[in-house]
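This report concerns only the one structure given below.
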Amino acid sequence: MPTKNALDKTSTVERAVAEVRSGDVMMVGGFHDIGSPASLITEVVAQRIGNLTVIANDIPSLDRGVGRIVSAGLTSRILTSHIGPGLVMQRKIGAGELRVETLPQGTLAERIRCGGAGLGGFLTPTGLGTAMADGKRIVEVDGKRFLLETPLTADVALITAFRGDRWGNLTYRGTARNLNPVMAAAATRLVIAEVEELYEIGDLDPNEVETPGVYVDMVVEAE
């Protein structure tokens, strides 16, 4: 029986998600359902991996995208730019069952990018004079005041790409890029990429690769 290529990072969805641990900080790509790793989310719910801190662009509803992890009671904390109007979510927050930190979308994306780039943070005027500035350092540059926003990293990132090869090189399509590329760089232990089309090593045009395989630990085909 032939041995598997040492560069081959492909896995089943079940085996890949089994590497996620209870209590992990987990980034999940997607904007609503666009660029959301549906198969990986389904398996996280099926395996009942709980006490997760989830970092995601938005939680539009509890029956779509990353909201399914929330509705399954598997999250203890969420960092996001938007929470949908669902009453169940509001009750969870009001009862103290769920801690939610909301951030401007640009601030969230840039904090993740800084985490992946190894930067100490960035300066922004967004949030000055609001509750968002509470507890944050204010820095003055050339007479202008800015908030210092610190980088965000995670233990695990679940991301989606259009095409990927067995080495983990990824390309994206349209708005499905959203936060997927920066999340791939910002996870410190495990990056699982769900791809629509799986290619053999060497078959992707290197000029089209947006996330190099060095950032990706496991690749699964979307179900």
ILE93 versus GLU140: modelled label distance in nm, points set 7 Å from Cα along the beta carbon direction = 3.5
Cβ charges +1 (Lys, Arg) and -1 (Asp, Glu), total dipole of the chain, debye | 880
Computed from the mean reciprocal separation of all distinct C-alpha pairs, what Kirkwood hydrodynamic radius does the chain have, in Å?
-> 18.1
Using Cα atoms only, what is the angle between the long axis of helix 105-117 and the major principal axis of the chain, expressed in degrees (0 to 90) to the nearest 10?
-> 60
Please give the helix 38-47 orientation as an angle from the longest Cα principal axis of the chain, in degrees from 0 to 90, rounded to the nearest 10.
-> 90
Relative contact order of the stretch 1-143, pairs being alpha-carbon contacts under 8 Å that are 6 or more residues apart, as % | 16
Per-residue ellipticity at 222 nm attributable to helices in the chain (runs of n ≥ 4 DSSP H, -39500 (n - 2.57) apiece, nearest 500 deg cm²/dmol) works out to -6000 deg cm²/dmol
Would you please give the FRET efficiency between VAL45 and ASP205, computed as 1/(1 + (r/R0)^6) with r the Cβ-Cβ distance and R0 = 45 Å, to the nearest 0.05?
-> 0.80
Could you give log10 I(q)/I(0) at q = 0.15, 0.16, 0.22 Å⁻¹ for the stretch 115-223, computed by the Debye formula over C-alpha point scatterers of equal weight, without solvent?
-> -0.69, -0.74, -1.05
Say a site is exposed when it is one of the trypsin sites (Lys or Arg not before Pro), sits in a DSSP loop, and has at most 10 other Cβ atoms within 10 Å; what is then the longest site-free stretch of the chain?
-> 49-223
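Roughly what % antiparallel, to the nearest 5, for the DSSP beta bridges in the stretch 110-223? Each step should come with its number before you reach the end.
On the way: 10 of 24 bridges.
Within the stretch 110-223, antiparallel bridges account for around 40 percent of the total.
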What is the distance, in nm, between label points placed 7 Å from the Cα along the Cα-to-Cβ direction at GLU14 and at ILE34?
-> 3.5
In bins 5 Å wide, starting from 0, what share of all Cα pairs of the stretch 1-71 does each bin hold, as a percent?
-> 3, 16, 25, 23, 14, 7, 5, 4, 2, 0
Can you give me the Cα centroid spacing of the stretch 1-68 and the stretch 141-196 in angstrom?
-> 14
Sorted largest first, the C-alpha extents of the stretch 72-132 along its principal axes in whole angstrom are 36, 28, 17
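Can you give the extra length, in nm with one decimal, that the chain gains between ARG77 and ALA222 once fully stretched, where that is 0.36 nm per residue apart less the Cα-Cα distance?
Values: separation 145, 0.36 × 145 = 52.20 nm, distance 2.69 nm.
So the chain would gain 49.5 nm between ARG77 and ALA222.
Every number here is computed from the coordinates shown, using simple stated rules; none is lab data. For clarity, every value in this text was computed on a predicted model and none was experimentally measured. We place every Cβ from the backbone using ideal geometry, glycine too, and count neighbours over all the protein chains shown.
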